[in-house]
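Inspection log for the structure reproduced underneath, given as structure tokens.
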Amino acid sequence: PRHFAIVPAAGSGSRMAAARPKQYLSLLGRPLIHHALSVLCAAPAIDAVFVVLSVDDTEWATHDWSALGPKLRPLFCGGATRADSVLGGLRAIAGEAAAGDWVLVHDAARPCLAPWHVDKLVRELAHDEVGGLLAVPVADTLKRADEHRHVCETVPRDSLWQAQTPQMFRYAMLRRALEGAREVTDEASAIEAAGLRPRLVQGDATNLKVTYPLDLHLAEWILENREG
Ligand code: C5P
């Protein structure tokens, strides 16, 4: 099977309190999204990288993406939610993706994706029926609280993982799952809602999601201090 990456980048980034969508914030002199796209485009296992942009995106065309090579393919078909944007991308590539091809969905907001994250995910799931996702074991003790912030419960963390991306599933299965579950915040939830069980592949905390301004500083530090 072939491997296609889909990177939804049609969000507005409202939690960053920035004037522009976070995928375009500058990180070490490049748009934030450029970092992960460059790792995906360079991955030998990946055949094409589709970036799903908002229909009224005006910024994509103002940047130079030529260093990423011919695997990079922008699609202006973003939707109202992340799941809609991914589904838009899946529909747009229907002509070239076979049912059994793998799709790796990666957040535009995770710029510190490393080559080994992609390699490990692809290798460990190669013979899996369903597919799965990168994840890290939860390190903190978790509390569930009521609306007055009184603790009701300490949630045992031994079996808890934080979901990351990429999340890798078969084209037809992912499309069917997302068509049936539009409210989900990640692809794995849609697969679970369809009654299947995604597998967790252990990544690490460097693959962080940039949500708040502090995350941008952490991402910069991680990229600057990475070997190679
Ligand atoms: O907002 P959040 O950080 O959860 O967004 C996760 C990813 O989904 C980002 O890459 C964002 O650009 C993308 N997204 C999208 N279409 C939307 C909302 C979010 O592609 N309507």
TODO: Give the residues of the range 193-219 that are over 17 Å from Leu104 (Cβ atoms), touching a residue at least 24 places away in the same chain (Cβ under 8 Å), within 16 Å of the ligand (Cβ to nearest atom) and not aliphatic (A, V, I, L, M), sorted by residue number.
DONE: Thr211, Tyr212, Pro213
- [ ] Sort out for me the strands (runs of 3 or more DSSP E) sitting completely within the range 86-178 that have 1 or more residues that are hydroxyl-bearing (Ser, Thr, Tyr).
- [x] 151-155, 161-170
Task: Answer residue from the range 89-105, given it is touching a helix residue (DSSP H, G or I) at 6+ places or on another chain (Cβ under 6 Å) and within 13 Å of the ligand (Cβ to nearest atom) and is farthest from Thr211 (Cα to Cα) among those - done: Leu90
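Could you look through the range 102-137, keep only residues that are over 17 Å from the mean Cα position of the chain (by Cα) and modelled with pLDDT of 95 or more, and pick out the one that is surrounded by the fewest Cβ atoms within 10 Å (Cβ to Cβ)?
Going through the qualifying residues, I end up with His127.
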TODO: Look at Val86 and say whether it is within 16 Å of the ligand (Cβ to nearest atom) and either at pLDDT 95 or above or of a type in the set (D, E, K, R) (or both).
DONE: yes
Open item on the list: Of the residues Ala219, Ala190, Ala163, Ala177, only one is farther than 24 Å from Arg123 by Cα and crowded, with 16+ Cβ neighbours inside 10 Å; which?
Closed with: Ala219
Open item on the list: Going residue by residue through the range 106-129, is there one that turns out to be away from the ligand (no atom under 16 Å from the Cβ) and small (Gly, Ala, Ser)?
Closed with: yes
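For every residue, the table says whether it meets (1) under 18 Å from Ala194 (Cα atoms); (2) aromatic (Phe, Trp, Tyr).
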{"residue": "Leu134", "(1), (2)": "no, no"}
{"residue": "Arg144", "(1), (2)": "no, no"}
{"residue": "His148", "(1), (2)": "no, no"}
{"residue": "Val151", "(1), (2)": "no, no"}
{"residue": "Pro156", "(1), (2)": "no, no"}
{"residue": "Pro166", "(1), (2)": "no, no"}
{"residue": "Phe169", "(1), (2)": "yes, yes"}
{"residue": "Ala172", "(1), (2)": "yes, no"}
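Restricting to the range 179-203, count the residues that are among the acidic types (Asp, Glu) and in a helix (DSSP H, G or I).
Residues in the range 179-203 being among the acidic types (Asp, Glu) and in a helix (DSSP H, G or I): 3 in total.
Is at least one residue of the range 35-48 at negative phi and within 12 Å of the ligand (Cβ to nearest atom)?
Looking for residues that are at negative phi and within 12 Å of the ligand (Cβ to nearest atom), one finds at least one in the range 35-48, hence yes.
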- [ ] Tally the residues that are within 19 Å of Val49 (Cα to Cα) and within 16 Å of the ligand (Cβ to nearest atom), restricting the search to the range 147-174.
- [x] 5
TODO: Taking the residues in the range 75-85 that are hydrophobic (A, V, I, L, M, F, W, C) and part of a loop (DSSP other than H, G, I, E, B) as candidates, determine which candidate is surrounded by the fewest Cβ atoms within 10 Å (Cβ to Cβ).
DONE: Ala80
Task: Residues satisfying the stated conditions in the range 11-32, i.e. in contact with a helix residue (DSSP H, G or I) (Cβ under 8 Å, 6 or more places away or on another chain), within 8 Å of the ligand (Cβ to nearest atom) and either part of a helix (DSSP H, G or I) or at pLDDT 95 or above (or both) - done: Lys22, Gln23
Open item on the list: Residue under question is Val138, and the condition is that it be in contact with a Leu (Cβ under 6 Å, 6 or more places away or on another chain) and closer than 26 Å to His34 by Cβ; does it hold?
Closed with: no
Open item on the list: Pairs please, first residue from the range 144-167 and in contact (Cβ under 8 Å) with a residue 24 or more places away in the chain, second anywhere and among the polar types (S, T, N, Q) and not in a strand (DSSP E or B), Cβ atoms under 9 Å, 6+ apart in sequence or on different chains.
Closed with: Ala163/Thr185; Ala163/Ser189; Gln164/Asn207; Thr165/Asn207
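The values are calculated or read from the model by the stated rules, or taken from the named source; none is laboratory data. All of these numbers come straight from a predicted model, not from anything done at the bench. Ideal geometry is used to build each Cβ from the backbone, glycine not excepted, and the neighbour counts take in all protein chains shown.
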